[in-house]
1. Pairs, please: C-beta under 9 Å, at least 6 apart or cross-chain, first residue more than 8 Å from every other protein chain (Cβ to nearest Cβ) and in segment B:50-69, second of a type in the set (D, E, K, R)?
2. Return the total of residues in segment A:171-192 being within 27 Å of the chain's Cα centre (by Cα), among the aliphatic types (A, V, I, L, M) and under 22 Å from A:E145 (Cβ atoms).
3. Looking at this structure, is B:I4 closer than 17 Å to A:R358 by Cβ, touching a Ser or Thr at 6+ places or on another chain (Cβ under 8 Å) and either modelled with pLDDT of 80 or more or at the interface with chain A (Cβ under 7 Å from one of its Cβ atoms) (or both)?
4. What number of residues within segment B:32-49 are at the interface with chain A (Cβ under 9 Å from one of its Cβ atoms) and in a strand (DSSP E or B)?
5. Counting just the residues of segment A:1-58 that are of a type in the set (V, I, T) and out of contact with any helix residue (DSSP H, G or I) (no Cβ under 8 Å at 6 or more places or on another chain), which one comes out surrounded by the fewest Cβ atoms within 10 Å (Cβ to Cβ)?
6. Take the residues in segment B:135-163 that are buried (at least 17 other Cβ atoms within 10 Å of the Cβ) and in contact with a Leu (Cβ under 9 Å, 6 or more places away or on another chain), then tell me which one is nearest to B:G94 (Cα to Cα).
7. If you go through segment A:79-124, how many residues are within 21 Å of the chain's Cα centre (by Cα) and among the β-branched types (V, I, T)?
Amino acid sequence: MVTIKRVLIANRGEIARRIATALIEKGIVPVLPLTDKEYKQGVSIFKDCRIVRAPDNIYLDGQALVALAKSENCQAVHPGYGFLAENAKFAESCEQNGLIFIGPPAGSISLMGHKERAREIAKKANVSPVPGFSIDGLNPLEIKEMAEAVGFPVLVKASMGGGGKGMRRVDSPDALADAIRMSKSESAAYFGSEDVFVEKCIVKPRHIEIQIFSFPGGRTVYVGERECTIQRRHQKIIEESPSPVVNEKLRREMGEAAVRIADIVNYIGAGTVEFIVDENLNFYFLEMNTRIQVEHPVTEEVFGVDLVAWQIEEALGTVEAVPQKKIRGAGHAIEFRIYAEDPDQNFMPSPGKILLYREPSGPGIRVESAVATGSEIFADFDPMIAKVVVKGHSRQHALERAMLALENFVILGVTTNREFLMRILSHPAFRAGELDTSFIDRYREELKAADAPIEPEWLLLAAALRKTTGKPAQLPDSGDGAGFYYPPVNARIP
Amino acid sequence: MTRIVWNEQEFDLKNLKLEHGTLSGTVNGEAVSLSVVTDENGRIIAAGTTGGRAVPAAAVTDGEYTWVQWRGRTEKITFNRGRDAGAGETGGDGSVKAPMPGKILELMAESGGTVEKDQVLILMESMKLQVEIRSPIDGTVGNCPVSVGDMVDGDALLMEIVPQKEAAEEK
């Protein structure tokens with residue numbers, strides 16, 4: 001057992017809030033860097049944390065984060081997701097500086113961070129990746145021949161990529177060379193590496209992932225699947241567990257495959273193995289995410305576990321391994337990601353100030369967020385406002401609760417995808433669980449806001465509401481505009 | 001009268017009333033009513049029915065804009081400045097200003113005369129369109145710095161209406 005009294009959260013927003021709460025539950029003080037512009041709104045949301053003022057680029061500055069953790073007497077660092085969560089160098093630098101990195105060992109991160117190497121590991125674990133090959137060292141003719149062997153359409157992908165960046169779909173051999181060139185330059189710009197690979201494009205694919213947790217001593221369990229097929233711009237917006245198509249047998253096959261992969265890299269802690277599932281329910285390894293996922297609450301709701309608490313207990317050395325047969329799910333959970341974005345403008349982010357914010361509540365409704373009335377959604381961070389997670393005893397029940405939760409979620413002042421999510425929720429194909437990753441593209445027209453004129457009743461109500469509601473709430477002025485790096489601002493916690 | 005702009009379309013709202021849980025008014029000449037739920041302060045918190053239940057409504061006002069969320073729809077609606085008695089931001093301001101550059105065709109109220117809210121005060125011509133300029137409040141005509149035939153700029157002061165204290169419609 002180790003003593004952990006303070007943990008640096010190397011992240012922001014809702015996941016920082018999620019981690020902070022889990023730490024406080026265990027009597028650990030969360031230490032949280034807040035940039036100058038986030039401080040004003042963050043101070044009330046993170047009032048139970050030790051807040052440290054930090055420069056704007058803090059979340060990507062590994063050296064500064066390590067220095068901050070040391071100067072704040074932290075024993076561990078939780079990276080959350082995104083930013084440096086899957087940066088092996090950051091994990092290594094934490095370890096070298098005597099800080100526990102709450103995540104897998106740097107070695108596992110780096111093995112899984114390179115997609116081509118990850119595919120090799122999957123093969124070793126007897127899990128078939130999507131058929132494909134690295135173009136490294138091949139001449140254009142060879143690439144063409146091998147792509148034809150894989151079968152068009154193919155995807156050209158960045159080896160170090162993610163989130164669809166550096167990815168191109170190619171439908172015929174003629175377009176291959178151009179796609180590779182563009183993918184290489186995007187990959188170099190985003191990920192600092194020109195490595196790209198070609199893989200078979202699965203038609204009508206579903207994106208289904210397995211949550212795993214590796215307890216010390218190599219005891220890895222799978223905690224069900226999450227269907228993350230509803231995506232826009234290659235990013236998930238709705239996730240659910242269980243998947244409408246995964247039966248007990250497939251769950252076990254996919255789960256055991258995920259566990260084998262984790263075991264090969266000596267994994268520790270929470271991780272996710274992502275699969276592409278085709279129309280015939282064949283599954284192919286896609287990648288492994290060596291961190292807590294945005295959509296982890298869906299699994300927590302169905303399986304009654306606390307993945308973030310497990311991560312912390314794992315770091316403390318107090319985690320109790322749960323045997324696979326004790327991992328049992330019940331009911332159905334769905335997560336909706338509410339973004340400040342305009343679905344009518346190709347999901348362009350719509351940052352701005354939230355003038356009125358009211359979260360829904362009630363049985364089976366869980367909201368993860370770190371905003372309030374008056375908060376600003378900044379243009380330079382991910383524009384996610386909140387995650388709404390609903391739980392029901394069946395998918396149908398969860399859908400009913402989701403509709404109510406979304407209807408009762410008040411966010412005014414910025415354009416959001418709330419109503420777009422409600423339209424997906426009402427769509428017959430979604431209700432029937434007939435999903436594939438092109439769902440939003442395919443039903444683009446049906447999912448558009450009705451072009452209907454506004455009803456006179458609407459305007460009547462608007463005018464009446466205008467007379468009875470006040471001006472937007474103003475955030476209290478913190479009175480502390482000093483732009484110093486790391487001066488203590490709130491009372492020091494002994 | 002309240003002028004409402006939604007999606008570049010203009011609407012005129014008249015006779016907005018809330019009585020016995022029913023909101024009523026005239027939108028572009030059409031009589032409309034709607035049942036609403038109010039809280040202990042008289043604020044509307046839900047309205048209309050889908051399948052027999054009231055749907056929560058929320059709104060926030062930011063200057064001339066009011067954001068409203070109701071029945072699966074969120075809209076940003078513009079209430080023209082100076083024409084709207086809502087939100088209290090115009091208060092008792094009786095300044096009558098030119099909505100756009102143009103020519104004064106007719107003065108329909110005299111200095112010292114009593115006028116009612118929404119009464120036509122001035123007829124203007126702008127881009128070959130005749131525009132009626134109405135009184136924002138009940139009161140008496142004070143200063144009137146323009147004459148028939150004058151060319152005025154947009155936002156130019158045309159008339160001052162001195163408010164009648166007892167005439168405030170807002171409680």
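1. B:T50/B:R71; B:G63/A:K471; B:G63/B:R81; B:G63/B:E89; B:E64/B:R81; B:E64/B:D84; B:E64/B:E89; B:Y65/B:K76
2. 1
3. no
4. Counting residues in segment B:32-49 that are at the interface with chain A (Cβ under 9 Å from one of its Cβ atoms) and in a strand (DSSP E or B) gives 8.
5. The extreme case among them is A:T3.
6. By that ranking, first place goes to B:I161.
7. Within segment A:79-124, residues that are within 21 Å of the chain's Cα centre (by Cα) and among the β-branched types (V, I, T) number 2.
Condition check ((1) in a helix (DSSP H, G or I); (2) in contact with a Leu (Cβ under 9 Å, 6 or more places away or on another chain); (3) acidic (D, E)) across all residues:
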position	(1), (2), (3)
A:G137	no, no, no
A:I143	yes, yes, no
A:K165	no, no, no
A:D174	yes, no, yes
A:R181	yes, no, no
A:S187	yes, no, no
A:S193	no, no, no
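The values are calculated or read from the model by the stated rules, or taken from the named source; none is laboratory data. Source: prediction; values computed, not measured. Heads up, the Cβs are rebuilt from the backbone with ideal geometry, glycines too, and the neighbour counts pull from every protein chain shown.
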